[in-house]
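Accompanying notes for the structure given below.
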Amino acid sequence: MVPSIVTSHARSAAARTGSAVRAAAFWSAVVLPFVAVVLLALGAPLSWIGLLILGNAAAFVVSHDYRTHPNRER
């Protein structure tokens, strides 16, 4: 059975959305440690820092496959 054009477009849109989420998670994982250092320097509550570290770990998990194969279509 040949996939319809609508199905192909839906898969393409889903792939782009997934790629955008991975990209956002990757850059969040890059930036969040710097935010944590600034918050520590400003004397923010440790619960905030803990939540930030937890968010950073989640961003690493979500973004682990970001740009593994830059020339491959997703």
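In this simple spin-label model, placing a label point 7 Å from the Cα along the Cα-to-Cβ direction at both Ala41 and Leu54 gives a separation of 2.6 nm. In terms of the mean number of neighbouring beta-carbon atoms within 10 Å, the peptides 38-48, 57-67 order highest first as 57-67, 38-48.
Bear in mind these aren't lab numbers, they're just calculated from the coordinates by the rules spelled out. Please read all numbers here as calculations on a predicted model, not as lab measurements. For neighbour counting, all protein chains shown are included, and Cβ atoms are generated from backbone atoms with ideal geometry for every residue, glycine included.
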